[in-house]
Amino acid sequence: MIPVAANSWQRNARDAGPALPLLASAFLLAAATIQANWIPVDADVSWLITVCEAVLSGQRLYVDLLEANPPASVWLYLPPVWLAHATGLKPEAVVVGAALAGSLLSLWATVTTASHLSRAPRPSLLAAACGFVLFLLPGGLFAQREHVALMLALPVLTQLAAIADRQRLSLASTSAGGAAAGLLVVIKPHFALVLLLPAVWTLLRTRDVRRLVTPALIAAAIAVIYAAALLLFARDYLRVLPMLADTYLPMRDKPANFLIGPMLLAPALFFALSRLLRARSATQSTILYLGAAGFALAGLIQGKNYLNHALPGMALALVALLLLFGQLGDRSRRRLVGLATFAIAAIQLNATVAIQPLPGLAEAIVRAGPPRPTIMTLGTELSTGHPAVRHARGRWVGSSPALFTAAGARYVGLARPAARRWYHADLDTFVRDVRTKRPDLLLIEDRSRAWLLKDPAIRAAVSPYHPVARAGDIEVWRRR
């Protein structure tokens, strides 16, 4: 940092008194308590932990294990899972701990970088806004890839705001920002839009491309290194791409659902409230809103309309609004906007906190026995087996988390030769897994059992099993 910026930060920190460390500590403690006692990691994170364990035990990704996501999704969790096994700790605890540390680092980097702005926000206000979206708002999505993307996006976008404000940044700072930007794109290539829109706005504002060259080159270098690593260590992913293109990728939510879902609606409402507030335009808020738009566009490209896809965009938009709310203005207007903001944030927090495993399934698995059973799912939902299998101290033995390829093929239409081929390949893999790995238990989904059991090979493979327990619409079958 340059001396002026450092002095500005020190002055702001002194003005905030003990608020900054107290706020950070309070958010950290609250999130750690909530995640440890009430909200377990969700199905996506649980499955990726299981994949990491399989890879560490010698199984080959995309050969012995089918994973729909690029290898970055697995490599992201591999270090904490390796550390957990090396230390004897629970992998979920280490993954959540890493996410807590990352959130704390993101908060610090964002507030520190914001001190460069000509109209720097109050550190305590920015820390409170970032603390809420990093530690509490994720709820059941804590440690998801989109949560990590949010950790990276907040300081990177704040750095772009400082560049747009024509503030000087040190080489170390811009290099770190470029590295974070590169990691953001590695997590999901669609997230390049999160950087592209603010970068274009910054260029139009400054008419100076030189300030963006260093971070852009570092980000590009990280992307190239990742591509090289994929080709060297995960080339088999390329063999999976045709299957994904024919089955999984075409599965999209209805267009109308995007208009009423939080991925588009929440950021739009937060932006509308900022207009109603009539606050003066602030560089950081503008950049954050553009980043939120980038996340929304990335979610539209993916087309799934999942809540985790909505998380980073609505979080950035909420921080942008809260920063504008910190300005002085009409008291009645601020009260109205404040109540509306609180209501929208509470609704979204309730939605993320409600992401929980199927009640009673882990207990049903334990009742069905034997101790530490091997398990597979006859169904199409990732959330059926994960994280219930881990909670029941079971061991997953399937080559994939569920028959999602068959589900995608049915969605596309089995009249298409490619879809029909992938459909039968997925069912054949399930049959082969049951016959060779002989799982102790099968988790049978009511919603897909009828069409799956129409297949003679599936019926023959599950014939040695019989139902012994139930939780909701999942029946637990045990080998006779």
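The values are calculated or read from the model by the stated rules, or taken from the named source; none is laboratory data. Because the structure is predicted, anything quoted here is derived from the model rather than measured. All Cβ positions, even for glycine, are placed from backbone atoms using ideal geometry, and neighbour counts span all protein chains on display.
Observations on the model:
- With respect to (1) part of a loop (DSSP other than H, G, I, E, B); (2) touching a helix residue (DSSP H, G or I) at 6+ places or on another chain (Cβ under 7 Å), the lone exception for Ile222 is condition (1).
Let's see how each residue does on (1) more than 17 Å from the chain's Cα centre (by Cα); (2) at pLDDT 95 or above; (3) assigned to a helix (DSSP H, G or I):
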position: Ser274; (1), (2), (3): yes, no, yes
position: Ile287; (1), (2), (3): yes, yes, yes
position: Leu300; (1), (2), (3): no, yes, yes
position: Ala310; (1), (2), (3): no, yes, yes
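- Extreme residue, nearest to Ala406 (Cα to Cα), among residues of segment 234-258 that are under 20 Å from the mean Cα position of the chain (by Cα) and of a type in the set (Phe, Trp, Tyr): Tyr248
- Listed conditions (1) part of a helix (DSSP H, G or I); (2) of a type in the set (S, T, N, Q); (3) surrounded by fewer than 21 Cβ atoms within 10 Å (Cβ to Cβ) are all met by Asn69, apart from (1).
- The number of residues in segment 298-327 being among the small types (Gly, Ala, Ser) and either touching a strand residue (DSSP E or B) at 6+ places or on another chain (Cβ under 9 Å) or closer than 15 Å to Ile355 by Cβ (or both) comes to 1.
- Matching residues, segment 165-179, being part of a helix (DSSP H, G or I) and surrounded by fewer than 23 Cβ atoms within 10 Å (Cβ to Cβ): Leu171, Ala172, Ser173, Thr174, Ser175, Ala176, Ala179
- Within segment 235-257, the set of residues being within 19 Å of Tyr423 (Cα to Cα) and either part of a loop (DSSP other than H, G, I, E, B) or among the acidic types (Asp, Glu) (or both) comprises Asp246, Leu249, Pro250, Met251, Arg252.
- Enumeration of residues in segment 354-401 that are assigned to a loop (DSSP other than H, G, I, E, B) and touching a His at 6+ places or on another chain (Cβ under 9 Å): Pro357, Pro401
- Here Lys454 fulfils each of the conditions (1) free of Cβ contacts under 8 Å to residues at least 24 places away in the same chain; (2) farther than 29 Å from Pro250 by Cα apart from (2).
- Residue-level check: of (1) surrounded by fewer than 20 Cβ atoms within 10 Å (Cβ to Cβ); (2) in contact with a helix residue (DSSP H, G or I) (Cβ under 9 Å, 6 or more places away or on another chain), Phe342 misses just (2).
- Residue count for segment 39-55, restricted to those that are of a type in the set (A, V, I, L, M, F, W, C), under 27 Å from Leu104 (Cβ atoms) and without any contact (Cβ under 8 Å) to a residue 60 or more places away in the chain: 3
- The number of residues in segment 442-451 being surrounded by 12 or more Cβ atoms within 10 Å (Cβ to Cβ) and either outside any helix (DSSP H, G or I) or free of Cβ contacts under 8 Å to residues at least 12 places away in the same chain (or both) comes to 4.
- Leu150 closer than 18 Å to Ala315 by Cα, modelled with pLDDT of 95 or more and surrounded by 19 or more Cβ atoms within 10 Å (Cβ to Cβ): yes
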